[in-house]
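Before any comments, here is the structure.
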Amino acid sequence: MGVFMSKLRVFIALFVALIVVFNVVLSVGFVLASDYLFDYLNSEVNDVGYTEQGFYVIPHIRFSGFQVEISHGIYENGQVVNLGPLPTVIPNYPYILSWVSMIGNIGLMALALVLQKTNASRIQ
């Protein structure tokens, strides 16, 4: 029984370490992905509007879940002529990582509960 409890404690310590490493890696990934996304958007949005060949161009940014679309509205005499070039689409990494984090943590918690019930039944 003593050897089993010792192995169980080592296993639980390793499992907790795995959960901590998983969360730290995802947290760092979330911060870096957010930084990347918002730096890119700021570079586009800071180009507030400009005149090109008699047309007035305004950036157009649309968040749609797993991606962000960026294009430009082109106005002539106050009327929208078109949305300019095809939209540039970039992945919304922070949104994707938040889902990976939530699903991963739920999976790890479910695994911990299953292991806890299994080990508890062995001890008795």
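The values are calculated or read from the model by the stated rules, or taken from the named source; none is laboratory data. What you are looking at is a predicted structure, and each value in this text was computed from that prediction instead of being measured. We place every Cβ from the backbone using ideal geometry, glycine too, and count neighbours over all the protein chains shown.
Every residue in the stretch 64-80 that is in a strand (DSSP E or B) and modelled with pLDDT of 70 or more, please. I'd like the intermediate steps shown before the answer.
First, pick out the residues of the stretch 64-80 that are in a strand (DSSP E or B): 64, 67-76, 79-80.
Matches in the stretch 64-80: GLN67, VAL68, GLU69, ILE70, SER71, HIS72, GLY73, ILE74, TYR75, GLU76, GLN79, VAL80.
Can you find a residue in the stretch 81-94 that is surrounded by 11 or more Cβ atoms within 10 Å (Cβ to Cβ), modelled with pLDDT of 80 or more and in a helix (DSSP H, G or I)?
There is at least one residue in the stretch 81-94 that is surrounded by 11 or more Cβ atoms within 10 Å (Cβ to Cβ), modelled with pLDDT of 80 or more and in a helix (DSSP H, G or I).
This table checks each residue for (1) under 23 Å from the mean Cα position of the chain (by Cα); (2) modelled with pLDDT of 80 or more; (3) in a strand (DSSP E or B).
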{"residue": "MET5", "(1), (2), (3)": "no, no, no"}
{"residue": "LEU26", "(1), (2), (3)": "yes, yes, no"}
{"residue": "ALA33", "(1), (2), (3)": "yes, yes, no"}
{"residue": "ASP39", "(1), (2), (3)": "yes, no, no"}
{"residue": "VAL57", "(1), (2), (3)": "no, no, yes"}
